[in-house]
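Derivation of every value follows stated rules applied to the coordinates shown; laboratory data play no part. Small disclaimer: the values here were computed from a predicted structure and weren't measured. Every residue, glycine among them, receives a Cβ derived from its backbone with ideal geometry; neighbour counts consider all protein chains shown.
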Amino acid sequence: MRDESDFEAYAVARWTALVRTAVLLGSRPDVALRQARSTLGLVRARWRGRDEVGDLDVHLYRTLLDVRRDDPVAWWSTAAPLDAAPLDPQWPALSASLDVLTPGDRASLVLRSVAALATEQVELVLGRELGPAPSDDTLRRVAESLHVTPVVLADVAAEQRADRRARGRRTTVTAGAVVAVLAVVVGGATWWGTRPEPRAPLTDVPVERSANRAPVAWYTDGTLHLTDVELRVEALRTFFEVDSGAVYADANGAIVHVDTDGVRTRIGTQRRDGTYQVSAEEGLVAWVDESDDRELRVWDLAAGEVVGTVPLSDDEDIDVVALDAGVAYYVERGRSQAYDVAADDVAEVASPRVLDVEGGAVARQESDGAISIASPRDLQDRIVTVVGLGAELSPDGAWVLTRSVEEDTGQVTRRLYDAQQNAEVDTGLDAGAVVFDASVLEGGAVTYLVELAQEDPDDGPRLSNSGSLQLTSCETPRPGLEPTCEVVLTFPRSTTWALAQ
């Protein structure tokens with residue numbers, strides 16, 4: 001069910017309920033149409049990899065909440081068209097009663113009554129437990145009195161293209177809010193140079209259709225395993241999975257986009273040990289380019305061109321640390337900077353150093369052993385502090401994977417936190433497990449690359465080129481339950497390997 005016709009069938013089936021849900025959540029009816037189109041556009045963008053998002057309806061309505069939260073248009077400042085409201089006479093009184101609820105309580109009620117989600121689905125959408133509660137017949141009746149024009153699928157595709165361009169300033173409400181809260185503007189980044197010429201495709205690589213057994217993409221022994229295909233790619237060092245395939249950096253510093261047909265395009269060159277970031281949602285790539293004038297570059301995968309540049313100093317240690325909602329975060333001369341591509345502005349981010357930004361959440365290293373996470377959830381900023389060094393946020397910013405180091409033994413332990421509840425969660429790994437890499441998904445599911453423990457100590461010492469690695473997938477437990485982990489596959493430690501970042 002990954003092709004366009006299947007998406008169209010799903011979109012038509014969910015359209016009316018989606019629009020009515022947006023209205024009952026508080027959107028003007030005319031605005032709800034646009035927000036519903038944006039929601040379906042984002043779902044369409046990830047349709048090929050829908051197995052990774054789990055329950056499609058949960059993903060759909062979670063996306064709707066994100067779209068409403070991040071809507072850059074001040075639609076509440078103008079009156080709604082009189083002929084666009086629900087026709088039921090109880091609508092004005094019901095609207096007033098809904099307005100006094102908290103956003104979470106309102107969403108819980110509307111998602112059950114109008115979207116017809118089960119309690120378990122609503123819990124997944126909102127990221128918290130709910131008590132048993134019946135749906136509201138009045139709410140359902142009022143919603144059904146709202147006339148919804150049929151969906152025009154061409155408009156959904158157009159909204160998706162426009163949304164990709166426009167999504168560039170959200171965190172709490174927009175991406176600019178992160179810069180406004182965390183940063184002091186130090187000057188506009190001028191993209192005065194000439195855009196680099198489009199890159200010519202490299203030679204094709206062998207491609208085979210094969211379903212990936214792991215929840216995330218992975219690479220070993222020269223083969224890149226994506227959702228539906230395996231690609232032969234030599235000298236890959238790190239990579240990100242995107243809807244159109246993958247973006248990887250090789251051992252020579254080349255940054256390459258490879259699609260699922262094996263068509264490779266070199267989009268830039270960084271230092272061999274350089275850092276780059278990819279936003280799969282926006283289809284953007286950011287890196288410090290070393291091919292011509294040294295500068296930060298941002299590439300649009302859909303357009304196939306550079307969409308923003310920032311001149312840089314000759315500092316050797318410039319790291320690109322995050323790319324979220326059209327804002328590239330990098331560290332230059334020890335200072336965190338934020339480049340807003342849409343606004344073409346650079347802002348200096350207040351200390352301490354930014355570690356990661358996802359879904360509007362910002363993780364920063366406060367001190368040795370402490371990480372702060374500023375989250376825009378619940379429509380207001382919250383800052384939680386967890387124990388750890390370094391941080392990887394889940395794509396929705398709700399989970400953080402970090403590590404701690406024992407002072408006496410030097411043993412490194414991976415730690416997983418629910419940033420919404422400010423609580424550490426059992427990883428499901430054995431005590432003392434040696435983790436080489438890890439990737440955290442929405443919902444807190446984590447895939448680990450773990451050293452296979454020796455059953456017999458007499459087998460001899462562990463050498464760097466001996467033993468095996470296990471790709472292990474762990475589902476985050478519900479409260480009161482143990483986590484469940486599954487070994488997806490095992491391969492020799494001596495091979496080259498990488499997990500999607």
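Length available on full extension from Ala251 to Thr149: 0.36 nm per residue minus the Cα-Cα distance, which gives 31.4 nm. Available extension along the chain between Ala350 and Phe491 is 46.4 nm, counting 0.36 nm per residue and deducting the alpha carbon span. For the pair Thr119 and Ser291, a Förster radius of 51 Å applied to the C-beta separation gives a FRET efficiency near 0.40, rounded to the nearest 0.05.
For the pair Val412 and Leu389, label points projected 7 Å from Cα toward Cβ lie 0.9 nm apart. Annotation note: GluC sites (Glu not before Pro) in region 215-257 located in DSSP loop regions with a Cβ neighbour count of at most 11 within 10 Å are Glu234. Taking 0.36 nm per residue of sequence separation and removing the Cα-Cα distance, the Asp319/Ala96 pair yields an extension gain of 75.3 nm.
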